[in-house]
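The values are calculated or read from the model by the stated rules, or taken from the named source; none is laboratory data. Everything quoted here is computed from the prediction, not taken from an experiment. All Cβ positions, glycine included, derive from the backbone under ideal geometry; neighbour counts span all protein chains shown.
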Amino acid sequence: MPKGNCEFKATGGQYFSTVIFHLGLFSLFSLGIYLPWALVRLFKLKAAHTSIQGKDTKFSGRGGALFGLLLVSSLLTIVTLGLYGPWAFCRIFRWKADHTLVGGVPSRFSGTGGGLFVLYLFQLILLPMLTFGFYYPVGMYRFHAWKEEHTLYGGKPASFGAGLGAYIKICLVTWILNSLTLGLFTPWALCMLYRWQMGGLAVGDRELTDHFPPVQTSWRAVLITFLMGLLLVASMGFFILEEIKFHMQALSKGSFQETAVLKSKIVMSKPETPSAKAVEKTEKPIAAEKEPALKPSKPKKTQTEKPKAVNQDFEDRLRKIDLLIKDNPKNGIAYYNRACLYASKEDFDQALKDFTQAINIDPENAEAYYNRGIVRARKNQYDMAIQDFQKVIRLNPAFEDAYCNRGNVYYALKKYNLAVQDYDKALEIDPKDRDVYFNRGLSYLALHQKIRAFADFEKALTLGQKKAEAYLKRPKDS
């Protein structure tokens, strides 16, 4: 087996400032403008530590020239939707070779964009796509080998024989250690790569130098990486199907019921449904004789009359509130009471409009945000409902019902871990809320944490939540 006659000697510590500061921070802070100068600095440092055929190497390129080359190449690649990529690479390789001196003799690059195009298309685009990304390191190896085989170092032909296995090992080590060190391992990773590259490079006249055979595409590598990608996709598909199967079984037992409107506690009628904070059991709208039951944090002084809520029919109450709004269109409490009235009749579209108007008049009205959140949940506008409940919590962190109903929305979205977190917070505020214990038990059940689920059902039953009794009668292993 031929051996390379080139060598790279350096340590990551010698590259630390160039890589971390120049190639990293300075290039980042300059929005990439400094990058060509940082790359030239890196090329010069690499050449200073490289020996080819026992001869010293030197890099003479300048950052300004590289800046213009990168700018033009990038623009042409973007304009051609990537088709110019092979020609852009060849221009950069040619510029770099022209400025790489081996024993004082310039190097040359003989590759062309047309010659690289097929390899670029298949090795770096199509095969990685067909193998779900697993082939990409192999494609990069082929790309690197092609570049070395078309470079004449100091005017002498080169061949490449560094091992693919060693390259993949370097990629894995780099990925793992950079993840653990937040990228600080990069200087050492570059030195590993340069050492591997130069150690597998043979340069010299073909009659006098033992060269490596040309690197060819390994179809065995293609097959292996394709099977690895297929196995990954199959595994993901299996877990997705299992998740769907579990939720279908849950739906067959009972699905999440509509989130109830407004404030107080009721128990939903079907199993697998969180208890909600809802309308009073008398189904009266939230509008008291002198002030709304859920008054805003800053009642408006302009209100001179408040609608009566006892022993009057819906139309009479609605007419009185309409008169208040007509007299004073900025009466936020009137809009709020009318929204509650519409909500009690399940006219959620009108309720939503009036809660929004009340909020526009008084952006500090936590109860209006809260009730609008419930209306939005009833309309299956879950993301917007969550936003309203989050606003309530910012305005009033002790608003237990907001945590409970946001948990109910997360339950509806099958985000059971988030639901549990909200139920936990609600119980910190009110440790004796039987409905929240019941709701959290349902979430734990959906998460297959049956011991915790049954503990919550027992606590809920102790506090008077009768719906929990049906779950406690189930076998715990069912």
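Observations on the model:
- Among the residues of the range 392-425, the ones that are closer than 22 Å to T356 by Cα, without any contact (Cβ under 8 Å) to a residue 24 or more places away in the chain and basic (K, R) come to 1 in all.
- Test: residue in the range 471-478 that is closer than 24 Å to D347 by Cα, surrounded by fewer than 24 Cβ atoms within 10 Å (Cβ to Cβ) and either touching a residue at least 60 places away in the same chain (Cβ under 8 Å) or under 26 Å from the mean Cα position of the chain (by Cα) (or both): no
- Matching residues, the range 436-466, being surrounded by fewer than 18 Cβ atoms within 10 Å (Cβ to Cβ) and not in a helix (DSSP H, G or I): L447, H448, Q449, L463, G464, K466
Residue-wise test of (1) modelled with pLDDT of 90 or more; (2) over 48 Å from the mean Cα position of the chain (by Cα); (3) farther than 20 Å from D388 by Cα.
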residue	(1), (2), (3)
D313	no, yes, yes
R319	no, yes, yes
L323	yes, yes, yes
N328	yes, no, yes
C340	yes, no, no
F348	yes, no, no
L352	yes, no, no
F355	yes, no, no
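Residue by residue, here is whether (1) at pLDDT 90 or above; (2) over 26 Å from I240 (Cβ atoms) holds:
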| residue | (1), (2) |
| --- | --- |
| K415 | yes, no |
| Y423 | yes, yes |
| E428 | yes, yes |
| Y437 | yes, yes |
| H448 | yes, no |
| A455 | yes, yes |
| E469 | no, yes |
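- Residue in the range 382-403 that is assigned to a loop (DSSP other than H, G, I, E, B), closer than 25 Å to L445 by Cβ and either among the acidic types (D, E) or modelled with pLDDT under 95 (or both) present: no
- Pairing residues of the range 4-20 that are touching a residue at least 40 places away in the same chain (Cβ under 8 Å) with residues that are small (G, A, S) and surrounded by 15 or more Cβ atoms within 10 Å (Cβ to Cβ), at Cβ distances under 6 Å and at least 6 apart in sequence or on separate chains, gives G4/G199; G4/G200; G4/A202; N5/A202; E7/S51.
- From the options K169, K147, residue that is under 28 Å from L208 (Cα atoms) and either assigned to a helix (DSSP H, G or I) or in contact (Cβ under 8 Å) with a residue 24 or more places away in the chain (or both): K147
- The one condition in (1) modelled with pLDDT under 95; (2) outside any helix (DSSP H, G or I); (3) not aliphatic (A, V, I, L, M) that Q14 fails to fulfil: (2)
Yes/no per residue for (1) surrounded by 13 or more Cβ atoms within 10 Å (Cβ to Cβ); (2) modelled with pLDDT of 75 or more; (3) assigned to a helix (DSSP H, G or I):
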{"site": "D205", "(1), (2), (3)": "no, yes, no"}
{"site": "F212", "(1), (2), (3)": "yes, yes, no"}
{"site": "V215", "(1), (2), (3)": "yes, yes, no"}
{"site": "M228", "(1), (2), (3)": "yes, yes, yes"}
{"site": "F239", "(1), (2), (3)": "no, no, yes"}
{"site": "E243", "(1), (2), (3)": "no, no, yes"}
{"site": "S252", "(1), (2), (3)": "no, no, yes"}
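- Extreme residue, surrounded by the most Cβ atoms within 10 Å (Cβ to Cβ), among residues of the range 362-381 that are part of a loop (DSSP other than H, G, I, E, B) and polar (S, T, N, Q): N365
- Residue match in the range 75-93 (condition: surrounded by 14 or more Cβ atoms within 10 Å (Cβ to Cβ), within 29 Å of F226 (Cβ to Cβ) and of a type in the set (K, R)): no
- Test result for I359, of a type in the set (A, V, I, L, M, F, W, C), more than 23 Å from D322 (Cα to Cα), without any contact (Cβ under 8 Å) to a residue 40 or more places away in the chain and surrounded by 16 or more Cβ atoms within 10 Å (Cβ to Cβ): no
- W188 being modelled with pLDDT of 95 or more, within 22 Å of A48 (Cβ to Cβ) and out of contact with any His (no Cβ under 7 Å at 6 or more places or on another chain): yes
- Candidate set: the range 31-68, residues that are surrounded by 15 or more Cβ atoms within 10 Å (Cβ to Cβ) and assigned to a loop (DSSP other than H, G, I, E, B); chosen: the one farthest from the chain's Cα centre (by Cα): Q53
- Residue that is aliphatic (A, V, I, L, M), touching a helix residue (DSSP H, G or I) at 6+ places or on another chain (Cβ under 6 Å) and within 24 Å of G113 (Cα to Cα), where the choices are A97, A88: A88
- Count - residues of the range 103-137 that are farther than 21 Å from K169 by Cβ, part of a loop (DSSP other than H, G, I, E, B) and among the β-branched types (V, I, T): 1
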